[in-house]
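Derivation of every value follows stated rules applied to the coordinates shown; laboratory data play no part. Computed from a predicted model, the values in this text were never measured in an experiment. Here the Cβ positions follow ideal geometry from the backbone for every residue, glycine too, while neighbour counts run over all protein chains shown.
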Amino acid sequence: MLKSCKLGVDVGGTFTDINLLDLATAEIHNHKVPSTPSAPSLAVIQGVGELMERINVSPSAIGDFVHGTTIALNSVIQRTGAKVALVVSEGNRDILEIARLGKPNIFDLHSTLPDPLVPRSLVFETEGRITPDGEIEDQTPAGLMASQLVDLAASDVESVAVCLLHAYANPTNERMVEEQLALFNPDLPISLSSRLWPEIREYERASVSILNAYVQPLMKRYLEALGADISQLGMMSKIYLTRSNGGVMAAEAAARNPVHTLLSGPAAGVVGAAYVSEFAQVEEAIALDIGGTSAEVSVIRGGEPSHSTEAEVGDFPCILPSVDVFSVGAGGGSIAWFDEFGMLKVGPQSAGAEPGPACYGQGGEDPTVTDAYLTCGFLNPDNFIGGALKLHADRAQTAIEGIAGNLGLNNEDAAEAVIRIATSNMSTALLPLLTKRGIDPRDFTLIAYGGAGATHGCFLADETNIPKIIVPPSPGTLCALGAAVADLKSDHIRTFRRPLNDVDDIEIAETFDDLEKEASVWLEDQSSKVESIEVLRSADVRYVGQAFDIEVQLDGDENTTAAIADQFHPTYEMLYKRSDPNQPAELINLRLRIIGKTPKPKLPELPSSGDATAPEPVSTRRIYLGGEWREAAIFDRADLRAGQNIPGPAIIEQFDTTTVVTSDYSAEVSAHGLLILTKKGAS
C-alpha cells in the first residue's frame with residue numbers, strides 16, 4: 001500500500017500533540033492527549049492510536065513518523081542523565097571549573113557557577129598536543145594510561161566525552177583516544193568534539209560533547225522503545241526527530257548525536273508558525289507559543305525563523321545552530337503565588353500534566369493561569385479538548401479564592417490580576433529582546449499558538465502594541481504540524497581564525513566544496529524523499545582584535561574574500577550602527593547548511609461565506625473583561641467560513657484551544673482558515 005501519510009508528534013510537559021498529513025489528499029488531522037511524564041511514549045502511542053482510529057487510517061499508510069520531544073532537554077535541566085567521563089589534553093583538567101569565569105549574576109556576591117555535569121574526579125588527561133594550525137606538536141600518541149583505564153572502569157561511567165585542544169583543526173588525537181576506548185570497552189558510547197561540532201573555543205566545544213554524552217544513553221533507550229511501540233501498532237514507519245535548528249534527522253543519527261535535538265520542541269513550533277505565515281502573506285512575525293508550562297517567542301524574518309549560536313541548555317552553553325527561541329513567561333499550568341513580600345507572582349512553577357491545574361480535578365490545588373481563564377469565563381468546562389477532559393469550575397474558584405483573600409478582591413478580579421501579571425511578565429521579557437534586534441513590534445504580526453496562545457494573544461498584543469494576530473487552524477497542535485512539515489537540515493563548520501586578507505579565494509572555495517560533500521553524505525544517509533536540495537553558505541567574521549564574531553550570509557557562489565568583506569561591514573553597521581571598512585577583518589569560521597526540502601501540503605481552503613457578516617453564534621456566555629462581566633458570542637470554529645468577520649468580545653472554540661477576541665479586536669476568517677485578529681482602528 002502507498003504510504004501517503006506523515007505523522008508529526010510533539011511531547012510537551014502537559015499535553016502530547018499529534019498531526020497527521022495526508023499528502024495525497026492534502027488533509028491535515030490533529031489530536032491531543034495529556035502527557036505521561038513518567039513514561040512519555042505511553043501518551044504518544046495512545047494519541048497516535050486514537051487518531052488513526054478516529055479518521056480510519058491504516059497503520060500501513062503511515063510513511064514517516066516525525067517526533068519532537070523534550071526528554072533530552074529535561075534530563076539536563078533535572079540532572080538525570082548518564083554518568084559521564086571527560087578526556088582532555090594534559091594540563092586542562094580544570095576546564096569545567098574555570099569555564100568562562102563569568103558569574104551567573106554579577107550583582108549577587110553569593111552567585112556561583114553551576115556544578116559541572118562531569119565531576120573533576122572523572123576528568124582524565126591525555127598526552128599529545130595539536131597546534132592551532134592543526135600540526136602535531138607532541139608526537140606522543142594520545143590515549144589514557146593503564147592506571148587511568150583502571151580508574152575509568154572502576155567508576156562505572158555510562159558514556160565518555162572527548163575534547164582535546166585544537167581538535168577542530170585536526171581530529172587525529174581525538175580519534176586515537178576513541179580507538180583506544182573502543183578496544184577497552186566496545187559498548188561504551190564516545191562523543192568526540194571534533195565530530196559533533198569542530199569549532200574554535202574549547203570550553204564551548206567541551207560543553208557540546210558533554211551534553212551529547214550526558215543524554216545519549218537515555219535517548220538511545222527511548223528511541224529503541226519507541227520503535228518497538230509503533231511496530232506494535234502495525235506501523236512500519238521511518239522515525240525522524242526534530243532538531244534544534246528547525247530541521248529533522250533520522251532516529252539512528254539522533255541516537256548517536258542527541259545533542260542536536262535538545263532545543264527541538266520549541267523550534268518545531270516556530271517552523272510551523274513560519275509555514276502558516278506563508279498562507280497569510282506575512283514575512284515579518286513574532287511567534288508566540290504558550291503551552292502548559294511556559295511561553296516562548298521567536299522572530300520570523302523574511303518568512304524564515306531566526307537562528308542563534310548562543311543558546312544555553314540548563315546552565316551550559318550549546319553553540320550548535322538553533323532556532324532563536326526565548327522563554328518569556330508563564331504557561332497555562334503556571335502557578336500563582338505570593339512571595340515573602342506579599343507580591344503576587346505567576347510561575348515559573350507549573351502544575352504540569354500531573355496533577356495539573358485545580359480545575360482538572362486530578363488532585364491539584366494551587367491556582368494556575370488556566371484556573372484564572374475558567375474563572376473569567378473564557379473556557380467552556382464541558383468542551384475542553386473536545387470534551388475529553390471536563391473542567392471543574394468550582395475547584396478553580398476554590399483555588400482562586402486563596403489569591404482573592406490575600407488581595408482583598410473578589411474571585412473575578414483576582415483571576416484577572418493573575419492574567420494581567422502573566423501578560424506583564426511576557427511583555428517585560430519580550431520587549432527588550434525585540435529592541436536588541438532592532439524590531440519595532442508595530443511592524444510585526446503575532447502568530448499565537450500552543451494550547452493557550454490564542455487565549456492569551458489579544459492581551460499580549462495589546463500590551464506590546466502589536467496590531468495584528470494570526471491564529472493558525474490548529475494552534476494547539478502547531479508544534480506537531482511544524483515537525484511534520486520540517487525539512488531535513490544539517491549544519492557544518494570549519495574554523496579558520498586568520499586575517500581575511502591572508503585567506504586565498506581558492507582555499508575558501510575548496511573548504512565549501514568539502515563541507516558540501518560532507519553535508520551531502522549526511523543527507524543521503526537520512527532519506528531519499530526530498531523534492532529539492534538547497535545549500536546556504538555563511539561566514540563568521542570580526543574586526544582584528546575583537547573577541548567575538550558575527551555571521552554574514554553569502555549569496556550563491558560568491559565565495560570570495562571580497563564577497564565576505566562586502567557583506568560583513570554592512571551587517572556590522574546594521575547591528576551596531578557603525579562600521580569601519582578600512583579596519584582589517586578576521587575570518588573565524590565558514591558555515592554551510594544543507595536543506596532537503598520535503599513534500600508539504602497546502603492548508604485546505606475554506607468555503608466562502610459570500611459576505612463579511614458574522615455567522616450565527618452557537619450560544620452566548622458572560623466573560624470577565626476589564627473589571628466587568630460582558631456578554632460574548634460563542635462560535636464553533638468548524639462552522640466558520642472564509643470572509644466572515646467576528647467583532648469582539650467573542651469566544652471561538654475548537655478541539656485544541658479557545659480563541660479569546662477581546663472588545664478591542666475583531667476576527668476575520670482567511671481563505672485558508674486562519675483567524676486574523678486586528679485591533680479596531682488599526683490600519
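Brief remarks follow.
- Mean separation of Cα contacts under 8 Å (6+ apart) over length of the chain, as relative contact order %: 12 percent
- Ordering GLY482, THR613, ALA43 by Cα displacement along the dipole of the chain toward the positive end leaves THR613 in first place; charges were set at the Cβ atoms of Lys, Arg (+1) and Asp, Glu (-1).
- Near-label residues of segment 142-184 by backbone N, under 17 Å of a point 7 Å along Cα→Cβ of SER121: 148-159
- Cα pair distances exceeding 19 angstrom across segment 367-465, given as percent: 49 percent
- Note that segment 287-351, at 20 °C in a medium of 1.002 mPa s, gets a Stokes-Einstein diffusion coefficient of 158 µm²/s from its Kirkwood radius over C-alpha pairs.
- Working note: Karplus 6.51/-1.76/1.60 with θ = phi - 60° gives segment 90-96 the couplings 4, x, 10, 5, 9, 4, 6 Hz, where Gly and Pro are set to x.
- Selection from ALA422, PHE512, THR495 lying farthest towards where the dipole of segment 422-512 points positive, charges on Cβ: ALA422
- Tail fraction, Cα-Cα pairs, segment 334-421, threshold 19 Å, whole percent: 31 percent
- Segment ASP555-LEU431, extension gain: residue separation times 0.36 nm, minus the distance between their alpha carbons: 41.5 nm
- Under the Debye formula (equal points on every Cα, no solvent term), log10 I(q)/I(0) of segment 461-546 at q = 0.15, 0.24, 0.27 Å⁻¹: -0.82, -1.24, -1.39
- Compactness check for the chain: Cα Rg over 2.2 N^0.38 Å is 0.99.
- When you restrict to C-alpha pairs under 8 Å that are six or more residues apart and normalise by the size of segment 334-419, the relative contact order lands at 26 percent.
- Shape annotation for segment 619-679: C-alpha extents along the principal axes are 35, 24, 17 Å, from largest to smallest.
- For segment 203-357, the mean projected area of the C-alpha convex hull, equal to one quarter of the hull surface, is 12.5 nm².
- Between helix 393-407 and the chain there is an angle of about 80 degrees, using the helix long axis and the longest principal axis of the Cα atoms.
- Sum of side-chain charges, GLU178 neighbourhood, beta-carbon under 15 Å (Lys, Arg +1; Asp, Glu -1): 0
- Neighbour counts of C-beta atoms inside 10 Å place MET219, MET235, MET145 in the sequence MET145, MET235, MET219, starting with the fewest.
- The Cβ shell under 14 Å around LEU51 holds other residues with a net charge of -4, Lys and Arg each +1, Asp and Glu each -1.
- Cα-based shape type of segment 149-272, given that a ≥ b ≥ c are square roots of the gyration tensor eigenvalues and the cut on a/c is 1.5: oblate
- Whole-Hz Karplus values for segment 612-622 come out as 9, 5, 6, x, 6, x, 6, 5, 10, 8, 7 Hz, taken residue by residue from phi with 6.51 cos²θ - 1.76 cosθ + 1.60 and θ = phi - 60°; glycine and proline positions read x.
- Fully extending the segment from GLU531 to GLU252, taken as 0.36 nm per residue of separation minus the present Cα-Cα distance, adds 98.2 nm.
- Where only alpha carbons of segment 487-597 are counted, the Rg and the Dmax (Å): 15.0, 48
- Unit charges at the beta carbon, dipole of segment 334-421: most positive-side option, PHE341, GLY402, GLY356: GLY356
- Mean Cβ neighbour count within 10 Å, used as a protection proxy, ranking 255-261, 178-184, 626-632 highest first: 255-261, 178-184, 626-632
- D (Stokes-Einstein, µm²/s), Kirkwood Cα radius, segment 74-143, 1.306 mPa s at 10 °C: 108 µm²/s
- Mean separation of Cα contacts under 8 Å (6+ apart) over length of segment 243-378, as relative contact order %: 18 percent
- Expected 222 nm ellipticity per residue - DSSP helices of 4 or more, -39500 (n - 2.57), all of the chain, to 500: -10000 deg cm²/dmol
- Dipole magnitude (debye, nearest 20) for the chain, charges at Cβ of Lys, Arg, Asp, Glu: 1180 debye
- Dividing the alpha-carbon radius of gyration of segment 581-675 by the rule-of-thumb value 2.2 N^0.38 Å gives 1.79.
- Convex hull of alpha carbon positions in segment 79-215: directionally averaged projected area 8.7 nm².
- Other residues lying with their Cβ under 10 Å from the Cβ of GLY333 contribute a combined charge of -2, Lys and Arg counting +1, Asp and Glu -1.
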